[in-house]
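Here is the structure we will look at, set down as structure tokens.
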Amino acid sequence: MAGFLEQIEPLKEAALAEMSAATDLAALEQARVGYLGVHGKFTALMKQLGALSKDEKPAAGKAMNTAKTQLEAALTERRAELERQAALPKVPTDFTLPGRRRSLGKLHPLTQVTEDIVRSFRKIGFAVADGPEVEDDYHCFDALNTPADHPARDTQDTFYLAATGIAQGASPAPILLRTHTSSVQIRVMERQRPPVRIIVPGRVYRRDNADATHNPTFQQVEGLYVDRKVTVSDLKGTVEFVFQELMGSETRIRFRPHYFSYTEPSFEIDFSSPLTRKMGKEWLEIAGCGMVHPQVFENVGYDPEEWSGWAFGFGIERIAMIRYSINDIRLFYENDVRFLRQF
Ligand code: DAH
């Protein structure tokens with residue numbers, strides 16, 4: 001077929017021109033379809049190859065292939081260029097503008113207080129222990145020598161769950177949201193031989209109506225120390241050290257006799273500091289404590305003749321409220337940033 005070879009070059013040039021004239025990817029695609037697509041001009045010429053004579057075919061085929069390779073290379077290159085352009089910002093960056101500062105988050109005040117408490121106890125060799133918030137009544141009450149008729153076990157005071165669990169591998173036991181972190185004393189002693197030196201920060205649950213000083217969920221710190229020949233003065237010295245760290249060196253503490261079923265003797269701890277005076281009180285009740293009851297040791301398989309210990313528990317919110325002069329516990333849970341930002 002006469003003139004076949006002559007058609008290749010002008011067609012290729014036209015295609016190349018159209019590709020480099022394309023200013024966006026859509027225009028480039030249009031150019032590709034127009035030449036190399038199924039109904040494209042270049043494709044049409046390709047189809048005519050078959051009609052050529054035996055002598056003409058090899059040279060024509062070779063020329064077509066060379067042109068096609070060139071077109072495809074040009075297409076790839078132009079596409080990459082247009083993609084690069086499309087990725088650039090529409091408005092050029094002005095590097096002289098001031099930077100945008102990201103505001104840094106902070107720890108919640110209750111977390112800050114908890115970390116301070118943990119830090120103080122770490123200094124005197126205590127480790128942090130943990131236990132389940134969904135607990136069975138054996139660990140929450142029975143093992144702590146808390147009898148079935150104790151008010152804490154009343155459904156009016158405690159969130160029981162519909163399900164039951166298998167406590168102590170025996171009969172199904174009622175399951176509840178733990179009312180105190182004291183249950184973790186049992187869990188730790190069950191799996192560890194003495195000596196024990198732990199604190200347990202954690203969430204606890206009680207059926208209280210929320211008001212300025214109560215919330216159905218709050219946080220406690222439990223402490224447990226078990227060793228040979230542990231005395232009340234060990235307890236007093238430890239509590240005094242930690243509270244002075246937390247509330248200032250002028251802090252004083254006093255013990256008042258009290259009753260807890262898992263300690264004997266038991267005490268309530270009051271403390272006094274410039275902070276309590278600021279709240280109009282000389283002494284504020286802050287914690288419960290005592291010497292671990294021999295029955296509790298029996299329940300976890302410790303020999304009460306050999307081992308002795310003390311335990312305490314207090315509320316973290318209470319400490320935080322006194323420390324920061326906060327008069328409503330609910331402020332801690334509302335997560336209003338205007339409140340949280342102050343700590
Ligand atoms: N579990 C008690 C409460 O929730 C606090 C407490 C009192 C913990 C005496 C103790 C303790 O370990 O010995 O009010």
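The values are calculated or read from the model by the stated rules, or taken from the named source; none is laboratory data. Worth saying up front: this structure is predicted, and the values here are computed from it rather than measured. Neighbour counts run over all protein chains shown; Cβ positions are idealised from the backbone, glycine included. All accessible areas refer to the heavy atoms of the entire protein, side chains included, with ligands and DNA or RNA removed. Shrake-Rupley method; radii C 1.70, N 1.55, O 1.52, S 1.80 Å.
Candidate cross-link partners of Lys229 among the lysines, defined by an alpha-carbon separation under 23 Å and a same-chain spacing of 8 or more, comprise Lys123. Between helix 232-247 and the chain there is an angle of about 50 degrees, using the helix long axis and the longest principal axis of the Cα atoms. Annotation for segment 160-257: trypsin sites (Lys or Arg not before Pro) lying in DSSP loop with at most 16 further Cβ atoms inside 10 Å of their Cβ are Arg207, Arg228, Lys229. For the chain, the residue among Ala80, Thr181, Thr114 whose Cα projects farthest onto the positive side of the dipole built from Cβ charges is Ala80.
Evaluate E = 1/(1 + (r/R0)^6) for Asp211 and Thr231, where r is the Cβ-Cβ distance and R0 equals 41 Å; express this FRET efficiency to the nearest 0.05.
0.60
Separation of segment 50-75 and segment 299-323, taken as the distance between their Cα centroids, equals 91 angstrom. Here the Gaussian network model covers the chain, with springs between Cα atoms less than 10 Å apart; of Glu222, Glu285, Glu56, Glu56 fluctuates the most. Using a probe of 1.4 Å on the protein chains alone, the accessible area found for Val232 is around 50 Å². Between Lys281 and Tyr333, what FRET efficiency follows from the Cβ-Cβ distance if R0 is 25 Å, with the result rounded to 0.05? Taking R0 as 25 Å, the efficiency between Lys281 and Tyr333 is 0.50. Label sites at Phe343 and Arg79, each approximated as a point 7 angstrom past Cα along Cα to Cβ, lie 5.7 nm apart. Report note on the peptides 286-299, 314-327: ranked by the mean count of other C-beta atoms within 10 Å, highest first, their order is 286-299, 314-327.
With the cut-off at 1.5 for a/c, could you classify segment 273-315 from its C-alpha gyration tensor as rounded, prolate or oblate? In terms of gyration-tensor shape, prolate. Within the listed set Ser182, Ser103, Ser272, the residue fluctuating most in the Gaussian network model of the chain (springs between alpha-carbon atoms under 10 angstrom) is Ser103.
What you get for segment 109-340, charging only the Cβ of Lys and Arg (+1) and of Asp and Glu (-1), is a dipole of about 720 debye around the Cα centre. Leu16 sits with roughly 50 Å² accessible to a 1.4 Å probe, with DNA, RNA and ligands left out of the calculation.
Shape call for the chain from the C-alpha gyration tensor, a ≥ b ≥ c root eigenvalues: rounded (a/c under 1.5), prolate (a/b greater than b/c) or oblate? Prolate shape, in that a/c is at least 1.5 and a/b is the bigger ratio. How large is the Kirkwood hydrodynamic radius of segment 120-212, counting all unique pairs of alpha carbons, in Å? About 14.3 Å for segment 120-212.
Roughly how many whole Å is it from the C-alpha centroid of segment 186-214 to that of segment 220-294? After rounding, the separation between the Cα centres reads 16 Å. For segment 4-87, the solvent-accessible area of protein heavy atoms averages 61 Å² per residue (probe radius 1.4 Å; ligands and nucleic acids excluded). Rounded to the nearest 10 degrees, the angle from helix 57-87 to the longest Cα principal axis of the chain is 40 degrees.
Return the loop-located trypsin sites (Lys or Arg not before Pro) in segment 78-162 (DSSP other than H, G, I, E, B) with at most 13 other Cβ atoms within 10 Å of their own Cβ; answer none if there are none.
Working: sites: Arg78, Arg79, Arg84, Lys90, Arg100, Arg101, Arg102, Lys106, Arg119, Arg122, Lys123, Arg153; in loops: Lys90, Arg100, Arg101, Arg102, Lys106.
Answer in residue order: Lys90, Arg100, Arg101, Arg102, Lys106.
The Cα atoms of segment 1-51 give a gyration tensor whose axes a ≥ b ≥ c have a/c of 1.5 or more with a/b no greater than b/c, which makes the shape oblate. The value obtained for segment 4-87, namely the Cα convex hull volume divided by the number of residues, is 67 Å³ per residue. Between the helical axis of 109-123 and the longest alpha-carbon principal axis of the chain there is an angle of about 60 degrees.
Below 8 Å, C-alpha to C-alpha, sequence gap of six or more: please give me the relative contact order for segment 109-340 in percent.
Values: 440 pairs, mean separation 48.2, N = 232.
Relative CO of segment 109-340 lands at 21 percent.
Note on Lys281: lysines with a C-alpha under 23 Å away, same-chain residues under 8 apart excluded, are Lys236. Excluding residues on the same chain fewer than 8 positions from Lys62, give the lysines whose Cα lies under 25 Å from its Cα. Filter leaves Lys12, Lys41, Lys47, Lys54.
The translational diffusion coefficient of segment 49-142, from Stokes-Einstein at 20 °C and 1.002 mPa s with a Kirkwood hydrodynamic radius over alpha carbon pairs, comes to 93 µm²/s. Within the accessible surface of the chain, defined with a 1.4 Å probe on protein heavy atoms only, the carbon and sulfur portion equals 53 percent. Computed over the chain, the per-residue total of -39500 (n - 2.57) for DSSP H runs of n ≥ 4 gives a 222 nm mean residue ellipticity of -12500 deg cm²/dmol, rounded to 500. When the Cα positions of Gln156, Leu11, Val337 are compared along the charge dipole of the chain, Leu11 comes out farthest toward the positive end, with charges on each C-beta of Lys, Arg, Asp and Glu.
A Gaussian network model of the chain, with springs between Cα atoms under 10 Å, assigns the largest mean-square fluctuation among Val38, Val239, Val226 to Val38.
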